[in-house]
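Colleague: Dropping a structure here in structure tokens format, bear with me for questions.
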Amino acid sequence: MKLLSVVGARPQFVKLAPIAHAAAAAGVEHVIVHTGQHYDPMLSDVFFTDLSIPAPDVHLGVGSGSHGQQTGAILAALDGVLERERPDWVLVYGDTNSTLAAALSAVKLHLPVAHLEAGLRSFNRAMPEEHNRVLTDHAADLLLAPTTVAASHLRAEGLGGRTIVVGDVMTDVLLTVRDSLSGAPASVLTSAGVSAGDFYVATIHRAENTDDPVHLAEIATSLKALDRPVVLLAHPRLVARSAAAGIDWSGGAVVLHPPLAYPDLLAATMASAGVVTDSGGLQKEAFLLRVPCTTVRTETEWVETVELGWNVLASSAQEIFAGVQRPAPEPTEAAPYGDGHAAERVIQELVGRVG
Ligand code: UD1
């Protein structure tokens, strides 16, 4: 079988890692296409190196742009690649502009498309990620859902016949990398000058938070006023939008810090007193590591983290404050995201469906 993966943004490289390993173990020919949506080394190259992912076979070098420009440029650039490669399956990951462009390119060439992380919904139609995932699910031939809740969303949209629950591949990576950490102190303790158990890890990069200067200023005010140092792992988008809006992160609890490589992020999270984020992946990573999370959004796709008490949603300064200060969550053994073998299941399913 010939599998072709299309990835382009940071969380997709994390998801690609267990798929690449499972494909190699099963003797599947695997072509990796990098769209170039993320190009900063700390958002891209470091994941390939640290997670032992083979270098991309094709790099489209598309870079940044408006949603339309970026999606269109990927779509146009992929056509020739897919026609040349003619894989048995095109695998698309998550909910970025790279995901939607790759799904569209494949269906228009009548190539079978599978969507990994299908069925997640925020039900917030203002989010670019929601457009991307809904449209991708409706275009794809096989929907690989991470959870039973995601599968129920797909059934509700009439897509149950194309859906299977495989578990969450980000859980596969997390368990492997967590178990391989050396036990050495987290690098962030030195690089940010904080003490284990006495700081928060924060990330803010979603358009709904960064692109509204008033809301971003409110987030800055609340993080600066927290009771422990806040190591803010700053995505380039946050840096750019803060500068444009004249928002100053200094003069409070916030320590601005470059993004971390994946193993360093897990170590930092485990060493922290809590996480404040708008990232989908980090909410789930905090839950899997049993670190309390406060999510700076009005909804989440990972509803299990909230139902089990390890995550709370917060958008105003007051809610962020209350979320971070809340009492410790109840311990739980629940494993809604699978057993760490989702990627093997994905590869088995894809191989089993090639005629
Ligand atoms: C994208 C995804 C989002 C995902 C996130 C992970 C979409 C619609 N959004 O958001 O779902 O959670 O990736 O990080 O696809 N930039 C750089 N260097 C880079 C990449 C981006 O400086 O390597 C800057 C550029 O100014 C760019 C901005 O960040 O315009 C936004 O990047 P983009 O890829 O458009 O979206 P993300 O915010 O990263």
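The values are calculated or read from the model by the stated rules, or taken from the named source; none is laboratory data. These numbers were taken from a predicted model, which means no experiment stands behind them. When we count neighbours, we look across all protein chains shown, and the Cβ atoms used for this are built from the backbone with ideal geometry, even at glycine. To get the accessible areas, we keep the full protein, side chains included, count just its heavy atoms, and leave off ligands, DNA and RNA. Shrake-Rupley method; radii C 1.70, N 1.55, O 1.52, S 1.80 Å.
Colleague: Taking 0.36 nm per residue of separation and subtracting the Cα-Cα distance, what length does fully extending D179 through E333 add? Could you put the intermediate results ahead of the total?
Modeller: Working: separation 154, 0.36 × 154 = 55.44 nm, distance 1.79 nm.
Extending this stretch completely gives an extra 53.7 nm.
Colleague: Show me the trypsin sites (Lys or Arg not before Pro) within the range 282-353 that DSSP assigns to loop and that have at most 15 other Cβ atoms within 10 Å of their Cβ. Before the final figure, lay out the partial values.
Modeller: Numbers: sites: K284, R290, R297, R345, R353; in loops: R290, R297, R353.
Hits after loop and neighbour filter: R290, R353.
Colleague: With contacts defined as alpha carbon pairs under 8 Å and 6 or more residues apart, what's the relative contact order of the range 76-214 in percent? If you can, show how the numbers build up before the last one.
Modeller: Values: 175 pairs, mean separation 23.8, N = 139.
Relative contact order of the range 76-214: 17 percent.
Colleague: Tell me, in nm to one decimal, what length is gained between S66 and E208 on full extension, where the rule is 0.36 nm per residue of separation less the Cα-Cα distance? Mind dumping the intermediate values first?
Modeller: Details: separation 142, 0.36 × 142 = 51.12 nm, distance 1.51 nm.
Net length gain for the segment: 49.6 nm.
Colleague: On to the next question. Quick check: from the Cα gyration tensor, does the range 183-324 come out rounded (a/c under 1.5), prolate or oblate? Can you show the working numbers first?
Modeller: Working: a/c = 1.55, a/b = 1.12, b/c = 1.39.
Note, shape of the range 183-324 comes out oblate.
Colleague: Multiplying the sequence separation of A76 and A26 by 0.36 nm and subtracting their Cα-Cα distance, what value in nm do you get? The partial results should precede the final answer.
Modeller: Details: separation 50, 0.36 × 50 = 18.00 nm, distance 3.15 nm.
Roughly 14.8 nm would be gained on extension.
Colleague: In nm, to one decimal, how far is the modelled label at K2 from the one at I247, with both set 7 Å along Cα→Cβ?
Modeller: Label-label distance for K2 and I247, simple model: 4.6 nm.
Colleague: At T49 and K224, where each label point lies 7 Å from the Cα along Cα→Cβ, what is the point-to-point distance in nanometres?
Modeller: Distance between label points: 3.5 nm.
Colleague: Return a whole-number percent for the relative contact order of the chain, with Cα pairs under 8 Å and 6 or more residues apart as the contact set.
Modeller: Values: 675 pairs, mean separation 54.5, N = 355.
Worked out over the chain, it gives 15 percent.
Colleague: Enter the angle in degrees (range 0 to 90, nearest 10) between the Cα long axis of helix 128-139 and the first principal axis of the Cα atoms of the chain, meaning the one along which they spread out most.
Modeller: With rounding to tens, the tilt is 20 degrees.
Colleague: Moving on. Return one whole number: the accessible area per residue of the range 302-355 in Å², for a 1.4 Å probe.
Modeller: On the way: 2980 Å² over 54 residues.
Computed with neighbouring chains in place, this is 55 Å² per residue.
Colleague: Contact order normalised by length for the range 183-324, with contacts defined as Cα pairs under 8 Å and 6 or more residues apart; what percent is it?
Modeller: On the way: 246 pairs, mean separation 35.4, N = 142.
25 percent.
Colleague: Cut-off 10 angstrom, C-alpha nodes, Gaussian network model of the chain. Which of A101, A76, A186 fluctuates the most?
Modeller: A76
Colleague: Computing the accessible area with a 1.4 Å probe over protein heavy atoms, can you report the carbon and sulfur percentage for the range 183-324?
Modeller: On the way: 2920 of 5050 Å².
Carbon and sulfur atoms account for 58 percent of the accessible area of the range 183-324.
Colleague: Find, among the trypsin sites (Lys or Arg not before Pro) in the range 35-134, those assigned to loop by DSSP (not H, G, I, E, B) with at most 13 other beta-carbon atoms within 10 angstrom. Don't skip to the answer; put the middle values down first.
Modeller: On the way: sites: R84, K108, R121, R125, R133; in loops: R121, R125.
Loop-located and lightly packed - R125.
Colleague: Taking loop as defined by DSSP and a crowding limit of 12 other beta carbons within 10 Å, which GluC sites (Glu not before Pro) in the range 151-244 fit? Present the calculation step by step, with values, prior to reporting the outcome.
Modeller: Working: sites: E157, E208, E218; in loops: E157.
Here no loop site has a sparse enough neighbourhood.
Colleague: With +1 on each Lys and Arg Cβ and -1 on each Asp and Glu Cβ, how big is the dipole of the range 143-208 about its Cα centre, in debye rounded to the nearest 20?
Modeller: Details: 4 positive and 6 negative charges, 36 e Å.
My answer is approximately 180 debye.
Colleague: Still on this structure, please answer the following. Choose one answer from A244, A314, A20: the residue with the largest mean-square fluctuation in a GNM of the chain with alpha-carbon springs under 10 Å.
Modeller: Most flexible of the set in this elastic network: A244.
Colleague: If you don't mind, another one. Let me know the charge dipole size of the chain about its Cα centre in debye, to the nearest 20, where only the beta-carbon of Lys, Arg (+1) and Asp, Glu (-1) is charged. Working shown, then result.
Modeller: Working: 23 positive and 39 negative charges, 52 e Å.
Approximately 260 debye in magnitude.
Colleague: Related question: Report the label-to-label distance for A317 and H138 in nanometres (one decimal), using points 7 Å from each Cα along the Cα→Cβ vector.
Modeller: 4.1 nm
Colleague: Given springs between every Cα pair under 10 Å in a Gaussian network model of the chain, which of P18, P336, P41 has the largest fluctuation?
Modeller: Greatest mean-square fluctuation among the candidates belongs to P41.
Colleague: With +1 on the Cβ of every Lys and Arg and -1 on the Cβ of every Asp and Glu, and nothing else charged, how large is the dipole of the range 140-268 about its Cα centre, in debye rounded to the nearest 20? Can you show the working numbers first?
Modeller: Details: 8 positive and 13 negative charges, 8 e Å.
Approximately 40 debye in magnitude.
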